[in-house]
């Protein structure tokens, strides 16, 4: 302990004012919260394995260079047995979702959102974290291979299977173990070779994820990581026995991970992905049972013994739902799940926090799902959607808003679980009913047509300022099919559009309000770093951004337009006479906004490189509107920004039908597919509808991580064209767009006239 204090003193310059030992986890390291006289805290760590500590320190420093959400190493002893890291707080994901776990897997919407955030961030660590990583520093081995798989399978055999006293043939079981090990370690299409490998976290679980004040995940305890397949961590996290994730929530989280993975690497088809994942789920389940057997049966630790039944249930569900080509192993596992000591016990769990899980058990829709309703325009406030389930026997719900009601959908054509005894006392919010309906599939086909209509309808209502929408689903008793449909629609609306949704399952006497999502930081970036050579000699003594038009600098006009559109944070990149721009902003108190400077004085980075450099100054969770400083327009910037959010576009480019030399190319869905120079005939990508780019566009957070794949200096159009065939870069055409590029001396007079014509 004294040596840790000495290390702190060397780093801080004084001894800690307070030392608090933290509860031990599963490792052999000791953790202490060290507090200085001002109340600032760090975490001090004392380890027993130099190799293990070295692995953690190396990985942490590497991950920080990759700007991943992990702690920072502040100081380390020469032998690396003691080190100091940043304090990520005391709230882990495990703690935050305790209510759902203790309620038998009945997670609230807030808890589900924390899980989604975490699973979306995992590929960032696995793929970006592996780039440039020297896997030889990993502990205890560098790579997930056949030997490591066989070790864990035999761990299961000797520490768990033998303890059950189940008879089995050693050689037959070993043969299937070897087949499974070979299948798990196949390098698919050499993708990992091309990318330098993937980082396998290995101990990815809720205890190893810390949450900041905004609920964003930060990762710890990855020192056992190595090169390996990304499926492993997904299986480890979602099939953790104690978590008790319901079938539907697991499916949703797998879908979230799969979609997030697309942003970092090429992914296999969905069917192939799911089949490969099931292999790792099987392996991970056996691996976990081996650990539970050793810790529980041999070390007599109660916690691990209590975890065995849910792990057996995971195994039971897996081998009943999937077919694996390991006949002897499957036979043994079926016998294992049928042993009397592992008999399934049904129990109704209640949440300790008082949340009524039996009444309010919300389930998010399939990602392709969507809503629909109708209302009269009243222009009194933000859009609110009301969703009803009902029984036709008791009549269609009334519209209390006075708008006359909306869409009514009849679910009675679909297969009714209420005809079968096991489901009669359940509702469409209960897991058995959900699985019945989805496995049957009729309800999904029925809803698919509804959703296509609904998405367009809700989007249009938001655009036009309507405030009240209503739709209802009816079935025979208002208990199963209508409840399922209404809940799914409601949660999809909220997920996709972020608006307030009120749910009423009338016959079940269940009401729920899902509040509108709080808006993130509304932010923009102004390109002001250019040399302005076309405006010489004015730009011999000043930056282009400060050239005056209508008595004010170009920069002033853009900032005022952004401010009036409600933008709160603006990043301005600078290079040519950079100090003048900074001084101008300071003299005007940065116009009462959060204006930040991205300094490119060391060298121009072009438009794409400029955005890349500015990313740390931007909110990573909010879109950013990009605006050239020399562009004057009548564009609705607030509308463009809002549309980008509603469309879930990776990028939204403002375009118009005007004459120019270079045109962007779009398909019939207004998706960017190419670029064309009509003067030279040069074409990049595919040809389609030709529209002129305005220099104004919106990039979504989903596109930010792609900048890591680009060099430090590049043009933004090169970025768009490189990724347009895998990302949703959309065009927004404004037929009445009036735009002026103030890039030449002869355009200054035109700019004066433009401003006169567009005075508000």
Note: residue 321 to residue 758 extended length (0.36 nm per residue) minus current alpha-carbon separation gives 150.8 nm
Over its alpha-carbon atoms, the chain yields an Rg and a Dmax in Å of 29.4, 93
Summing -39500 (n - 2.57) over every DSSP H run of at least 4 residues in the chain and dividing by its residue count gives a helix-only mean residue ellipticity at 222 nm, to the nearest 500 deg cm²/dmol, of -11000 deg cm²/dmol
From the Cα centre of segment 534-605 to that of segment 427-453, the distance in Å is 54
Nearest 10, in degrees from 0 to 90: the angle of helix 270-292 to the longest Cα principal axis of the chain is 50
The extension gain from residue 216 to residue 162, computed as 0.36 nm times the residue separation minus the Cα-Cα distance, is 15.2 nm
Restricting to Cα pairs under 8 Å and 6 or more apart, the percent relative contact order of segment 263-337 works out to 24
Residue span residue 113 to residue 564: 0.36 nm per residue of separation minus Cα-Cα distance leaves a gain in nm of 159.1 nm
Dividing the mean separation of Cα pairs under 8 Å (6+ apart) by the residue count of the chain yields a relative contact order in percent of 9
Computed from the beta carbon distance with a Förster radius of 60 Å, FRET efficiency for residue 448 and residue 587 to the nearest 0.05 stands at 0.55
Highest mean packing first, using Cβ neighbours within 10 angstrom, the peptides 487-496, 708-717 sort as 487-496, 708-717
Expected sort for 526-536, 166-176, 556-566 on mean C-beta neighbours within 10 Å, highest first, is 526-536, 556-566, 166-176
Between residue 170 and residue 20, the FRET efficiency computed from the C-beta separation at R0 = 60 Å comes out, to the nearest 0.05, as 0.75
If one compares the long axis through the Cα atoms of helix 50-65 with the longest principal axis of the Cα atoms of the chain, the angle in degrees, nearest 10, works out at 30
From the Cα centre of segment 285-318 to that of segment 84-157, the distance in Å is 19
In degrees rounded to 10, the 0-90 angle between helix 170-184 Cα long axis and the longest Cα principal axis of the chain is 0
Relative contact order as a percentage, segment 646-716, C-alpha pairs under 8 Å and 6+ apart, gives 35
For the residue 185, residue 339 Cβ pair and Förster radius 25 Å, calculated FRET efficiency rounded to 0.05 is 0.25
For 746-757, 469-480, ranked highest to lowest by mean beta-carbon neighbours within 10 Å, the order is 469-480, 746-757
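Read-outs throughout are calculated quantities, based only on the coordinates presented, and are distinct from any laboratory measurement. Everything numeric in this text was worked out from a predicted model, so none of it was measured. Don't worry about glycine lacking a Cβ; one is built from the backbone with ideal geometry, like all the others, and counts go over all protein chains shown.
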